[in-house]
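The next block holds one structure in the form of structure tokens; read it before the comments.
Here, each number is a calculation from the coordinates, and none is a lab measurement. Model, not experiment: these values are computed from the prediction. Neighbour counts are summed over all protein chains in view; Cβ atoms, including those assigned to glycine, are modelled from backbone coordinates with ideal geometry.
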Amino acid sequence: MLVLGIETSCDETACGIVDARDMTVLSNPLYSQLEEHAPHGGVVPEVAARAHLQKIGHIVEQALQEAKCTPGDLQMIAFTRGPGLMGPLLVGACFARGLALDLKIPAIGVNHLEGHIAAAHLSYPDLCPPYVALTVSGGHTELTLVQREFIFTCLGRTRDDAAGEAFDKCGKLLGLSYPAGALVSKLAKDGDPTRVRFPRALQSESTGDFSFSGLKTAVARHIQETGNRLPQEKANICASLQEAIVDILVQKSMRALELTKVNTLVLGGGVSANNALREGLAHACKLKGIGFAAPQAQYCTDNGAMIAAAAIMREKSGQRNTTLTVQPWLPLVAPS
Ligand code: KG4
Ligand code: ZN
């Protein structure tokens, strides 16, 4: 069964075709709206929706061509129904539903966060619950217990900014373009992570929650007090910032694994492309004899294949999601 996954929740128009039999990704092209949003220093929802509308047809065609298949070979179309920006979500949902109707195949609405968790399954097809999932992106930072397929328990989430948002906002203070995560990580390679001790919020508390908003203030204050004109100073700030974020993510993940007595950690979301985070988590898991599964680089940031993968996983466990309406606010587990 070939499944087309369509992702348009934010600023990537992405489509992937996945073979459900063995989770092989046949194609996964995307258009990243960097040029459209760069002048604004962040994503403008209206601009994003228009760009999705312009690009989605081409990206679907590209996905079909690269997979060497025709629309008639598709058996299901999965699309992101939330969380995300209303306009962008609507473009993807309308396109997916229209195409599915035309092809007389089902359209399936997918939770974007399930997609990020499913991304690791593309690299590890035999991966199965129970596991703890750490989802770290530009909009989310969450620790989730996945007890059985699609039985989610929230173990902690950010109380303010997401980890990716902290990278992006601090990067902006350093004059880096949006999204700054990958650039911060690149500069960090030449920096000294012990040079500045940025705060690790909620570290000593028993909660699984995160807080990253203080980091931005700390970085802003540091820049104000010391300046950041020299490249080496910038590199030191990037390395110290990255270390603070990685420290807290590793510490909270290990705590969640201890509490739940689960012995696998699954990483997902755009920030999972960060090598320091991957290495930090892999090392901590190894010390405790915990299995660790992170997606390959191309499946970390938003992409269509992860949306197809999430729909396939639900299909295989007989838990198809029949809701087709878009939902900008759609947590995996509603806060109690
Ligand atoms: O999952 P994603 O593509 O979109 C959302 O669902 O938000 O994540 C994008 C986020 C951005 O904040 C970006 O700066 C961050 O992921 N990111 C990184 C790296 N690559 C992307 N953060 C740190 N290090 C990276 N290498
Ligand atoms: Zn995402």
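For this structure, a couple of remarks:
- Convex hull of region 147-285 built on C-alpha atoms - directionally averaged projected area, nm²: 8.5
- Expected 222 nm ellipticity per residue - DSSP helices of 4 or more, -39500 (n - 2.57), all of the chain, to 500: -14000 deg cm²/dmol
- Entries in Lys68/Lys104; Lys172/Lys252; Lys55/Lys316; Lys186/Lys252; Lys169/Lys252; Lys104/Lys316 that, when Cα-Cα distance is taken, lie over 28 Å: Lys55/Lys316
- Chain lengthening between Arg50 and Ser317 when straightened (0.36 nm per residue, less Cα-Cα): 92.5 nm
- In units of the rule-of-thumb radius 2.2 N^0.38 Å, the chain shows an alpha carbon radius of gyration of 0.98.
- Annotation note: GluC sites (Glu not before Pro) in region 128-202 located in DSSP loop regions with a Cβ neighbour count of at most 15 within 10 Å are Glu149.
- Of Asp209, Asp161, Asp192, the sequence from fewest to most neighbouring Cβ atoms within 10 angstrom is Asp192, Asp209, Asp161.
- The ratio of the alpha-carbon radius of gyration of region 21-117 to the globular-protein estimate 2.2 N^0.38 Å is 1.14.
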